[in-house]
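**Q** Before anything else, here's the structure in question.
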Amino acid sequence: MQVAIIGGGASGLMAAITAAEGGCAVTLFERQARVGRKLLATGNGRCNLSNLNSPEGRYHGADPDFTRPALEAFPAAAARDFFRSLGLLTAEEPSGRVYPFSDQAGSVVDVLRFAAEARGVELRTGAEVYGLRRWEDGFLVGLLSEGLGFDRVIVCCGGVAGGRLGGTKSGYELLASLGHGLTPLYPALVQLKTPPERVRALKGVRADARVRIEKEGVPLAESAGEVQFTEYGLSGPAVFEVSRAASTAGEGAVARLDLLRGTPMPELEAMLAARCRDFPRLTGENLLTGLVHNRLGRVVLREAGFTQDRPLTAFNARARARIAGVVKDFALPVTGTMGFDNAQVTAGGVPTAEFEPGTLQSRLVPGLYAAGEVLDVDGDCGGFNLQWAWASGRLAGRLL
Ligand SMILES: Cc1cc2nc3c(=O)[nH]c(=O)nc-3n(C[C@H](O)[C@H](O)[C@H](O)COP(=O)(O)OP(=O)(O)OC[C@H]3O[C@@H](n4cnc5c(N)ncnc54)[C@H](O)[C@@H]3O)c2cc1C
């Protein structure tokens with residue numbers, strides 16, 4: 001059987017290896033000059049290739065259960081075994097994140113490429129597929145200057161996230177040309193924009209905070225961990241984790257930060273009272289010294305409506321409660337995200353209802369399959385997106 005894989009990223013390489021292992025003659029088309037370009041940039045160049053924690057609740061889209069058959073057939077442990085069989089050792093971090101033992105994303109791409117080549121996959125790089133249509137009992141795959149016939153096609157073109165690394169709408173368009181739909185698309189795992197004047201002074205400051213995204217008072221997502229302030233807004237792992245909720249919520253979303261998540265409000269108020277009592281000669285500038293980053297302390301004071309030169313003796317209980325309130329609930333309106341170019345994943349995609357979850361074959365076009373991010377599936381930060389790419393590529397490549 002002649003099989004075309006469109007897209008030489010994570011899911012495409014996996015699908016190609018699997019189909020070739022099943023005895024198919026496989027051609028993989030990759031528009032960029034080399035396969036796995038985005039993979040090289042994953043995990044800050046280390047490639048967080050999977051996550052050993054339960055996938056329960058970690059995937060999003062119209063039907064998160066759609067991922068179940070693929071992930072059950074090829075869970076994180078199977079991904080590790082698979083990579084080991086290709087000669088790639090992996091290491092697990094206490095958080096459950098899995099990385100190549102070499103700490104190099106390049107090794108992941110290399111072993112996949114070696115395996116594809118060894119199994120006879122024809123890797124056609126610099127080969128963008130522009131058209132896809134039904135032809136006789138199979139498909140005609142259209143390149144710039146030629147059309148090639150195949151019995152089966154697996155679309156593995158990824159999503160629009162990470163534009164500079166190859167993110168493109170191409171997969172959606174190819175599938176649309178055969179009658180498939182598309183949900184709205186949102187950047188996810190992405191930095192959030194807030195009014196710049198509220199955060200500019202904090203550029204470069206990091207805080208261990210709790211972040212909650214709310215809209216009209218309704219909590220949408222919550223996370224805790226490192227938050228980085230930037231000149232445009234908020235970044236850092238904890239922000240990435242709630243970014244999907246902020247991105248899809250649209251206008252009116254608010255990020256609420258607890259800047260001292262380990263210290264309950266009464267304890268914080270008591271500490272502020274002690275500071276004012278014990279150091280009557282100090283001013284507002286030093287009220288929060290030792291509790292939060294100095295620059296953050298100054299911004300909190302300003303947000304609470306006080307000046308830095310106000311003597312500590314002038315902060316009565318009400319004033320201290322107001323300041324403690326800002327520390328525990330620093331609210332910033334979310335005005336947008338840093339967009340698809342900066343996002344790690346696309347929320348939304350080709351509707352999963354149009355594909356069989358147990359095979360990833362199209363319900364509309366027999367013989368057509370899709371895997372990876374092109375489908376309306378996105379995972380949490382921490383290796384879940386690559387785990388979906390491997391598992392779905394593995395399942396689609398079986399061509400059931
Ligand atoms: C900066 C960054 C860091 C990330 N870090 C992590 C991480 O550490 N862990 C994690 O789990 N996830 C991470 N992700 C997400 C993860 O990389 C993706 O979810 C995953 O690569 C999706 O796999 P895919 O096969 O669907 O698409 P991709 O890996 O994007 O591959 C799609 C391929 O198809 C090619 N293509 C598209 N259209 C055509 C066409 N018409 N013809 C030929 N070729 C085509 C593209 O050039 C591309 O190479 C990160 C993403 C980014 C952007």
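The values are calculated or read from the model by the stated rules, or taken from the named source; none is laboratory data. Just so you know, these numbers come straight off a predicted model, no measurement behind them. Note: ideal-geometry Cβ built from the backbone for every residue, glycine included; neighbour counts use all protein chains shown. For the accessible areas, the whole protein counts, side chains as well, though only heavy atoms, and no ligand, DNA or RNA atoms are used. Shrake-Rupley method; radii C 1.70, N 1.55, O 1.52, S 1.80 Å.
Matching residues to (1) more than 13 Å from the ligand (Cβ to nearest atom); (2) in a helix (DSSP H, G or I):
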| site | (1), (2) |
| --- | --- |
| Gln32 | no, no |
| Lys38 | no, yes |
| Ser54 | yes, no |
| Gly57 | yes, no |
| Ala77 | yes, yes |
| Phe83 | yes, yes |
| Ala91 | yes, no |
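**Q** Restricting the search to segment 272-318, which residues are touching a residue at least 24 places away in the same chain (Cβ under 8 Å), surrounded by fewer than 14 Cβ atoms within 10 Å (Cβ to Cβ) and under 42 Å from the mean Cα position of the chain (by Cα)?
**A** Hit for segment 272-318 is Gln308, nothing else.
**Q** Moving on. Picking from Thr42, Thr27, Thr18, which residue would you name as being modelled with pLDDT of 95 or more, open to solvent by 20 Å² or more (accessible area, probe 1.4 Å), closer than 20 Å to Val111 by Cα and within 14 Å of the ligand (Cβ to nearest atom)?
**A** Exactly one of Thr42, Thr27, Thr18 is modelled with pLDDT of 95 or more, open to solvent by 20 Å² or more (accessible area, probe 1.4 Å), closer than 20 Å to Val111 by Cα and within 14 Å of the ligand (Cβ to nearest atom), namely Thr42.
**Q** What tally of residues in segment 171-192 results from selecting those that are assigned to a helix (DSSP H, G or I) and under 20 Å from the mean Cα position of the chain (by Cα)? Full working, then the answer.
**A** First, the residues of segment 171-192 that are assigned to a helix (DSSP H, G or I): 171-176.
Narrowing the set further to residues that are under 20 Å from the mean Cα position of the chain (by Cα) leaves 171-172.
Of the residues in segment 171-192, 2 are assigned to a helix (DSSP H, G or I) and under 20 Å from the mean Cα position of the chain (by Cα).
**Q** If Leu132 satisfies every condition in (1) more than 6 Å from the ligand (Cβ to nearest atom); (2) part of a loop (DSSP other than H, G, I, E, B); (3) open to solvent by less than 20 Å² (accessible area, probe 1.4 Å) but one, which is the exception?
**A** Looking at each condition in turn, Leu132 falls short on (2).
**Q** Filter the strands (runs of 3 or more DSSP E) completely within segment 204-311 down to those with at least 3 residues that are modelled with pLDDT of 95 or more and of a type in the set (D, E, K, R).
**A** Numbers: elements: 206-215, 218-229, 233-235, 253-258.
Correct list: 206-215.
**Q** With the requirement that a residue be within 6 Å of the ligand (Cβ to nearest atom) and either open to solvent by 20 Å² or more (accessible area, probe 1.4 Å) or part of a loop (DSSP other than H, G, I, E, B) (or both), what does segment 154-170 give you?
**A** Answer for segment 154-170, where residues must be within 6 Å of the ligand (Cβ to nearest atom) and either open to solvent by 20 Å² or more (accessible area, probe 1.4 Å) or part of a loop (DSSP other than H, G, I, E, B) (or both): Cys156, Cys157, Gly158, Ala161, Gly162, Leu165, Gly166, Thr168.
Let's see how each residue does on (1) open to solvent by 30 Å² or more (accessible area, probe 1.4 Å); (2) under 24 Å from the mean Cα position of the chain (by Cα); (3) more than 9 Å from the ligand (Cβ to nearest atom); (4) under 15 Å from Leu185 (Cβ atoms):
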site: Arg320; (1), (2), (3), (4): yes, no, yes, no
site: Lys328; (1), (2), (3), (4): yes, no, yes, no
site: Val334; (1), (2), (3), (4): no, yes, yes, no
site: Val350; (1), (2), (3), (4): no, yes, yes, yes
site: Pro357; (1), (2), (3), (4): yes, yes, yes, no
site: Leu364; (1), (2), (3), (4): yes, no, yes, no
site: Val374; (1), (2), (3), (4): no, yes, no, yes
site: Ala389; (1), (2), (3), (4): no, yes, no, no
